[in-house]
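So the structure is just underneath, and the comments pick up after that.
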């Protein structure tokens, strides 16, 4: 079994065909709506010491897909992401440990610190002479902290969209 110590220091590239950035929010407080962002880039540098590692990412908010074109268009509108004026969401790490990825998340011009729970899934040679590594990272944010405040009260109490949103990163890296 491989560990984080098996990662070779240096630049690693995200393999977008084997990676995803997804989210889950409650709808009407009784079910979950899932979605993902299809377009993103990331710079990952593994340091000689894990603590010296750096991660930055840019997500194209217009690439959101939830399985409903109407919902996707609403999420892109000024009610939520306002993609016309805020086309990207960014993340810049401030600390990397074996168990956490901490950093600054920026949505709609609002930057807040977030901590992802980080799990290392392993490192392996691939059939093309490269080396790959896998990670999963999860966090939960309050969307209102980023100015995503649109909502509708529903009959009987509750709201249409939960304030809490779970974000999951499933990332495969390729050693550059």
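Every number here is computed from the coordinates shown, using simple stated rules; none is lab data. What you see is a predicted model; the values in this text were computed from it and never measured. Methodologically, a virtual Cβ is constructed for each residue, glycine included, from the backbone with ideal geometry; neighbour enumeration extends over all protein chains shown.
Under 20 Å from a point 7 Å along the Cα-to-Cβ line of residue 150: which residues of the stretch 13-28 have their amide N that close?
23-28
So what is the calculated 222 nm ellipticity per residue for the chain, using -39500 (n - 2.57) for each DSSP H run with n of 4 or more, over all residues, to the nearest 500 deg cm²/dmol? All intermediate terms of the calculation are to be shown ahead of the outcome.
Details: 1 runs with 8 residues, N = 176.
Using -39500 (n - 2.57) per qualifying helix, the result is -1000 deg cm²/dmol.
Suppose each label sits 7 Å from its Cα in the direction of the beta carbon; what would the residue 97-residue 84 distance come out to in nanometres?
Output for this residue pair reads 4.4 nm.
How far, in nm, would the chain grow between residue 18 and residue 73 when pulled straight, counting 0.36 nm per residue and subtracting the alpha carbon separation? The partial results should precede the final answer.
Values: separation 55, 0.36 × 55 = 19.80 nm, distance 2.58 nm.
Gain on stretching residue 18 to residue 73: 17.2 nm.
Among 107, 167, which comes first, second and so on when ranked by fewest other beta-carbon atoms within 10 Å? Present the calculation step by step, with values, prior to reporting the outcome.
Details: 107 23, 167 19.
Listed from fewest to most nearby Cβ atoms, that is 167, 107.
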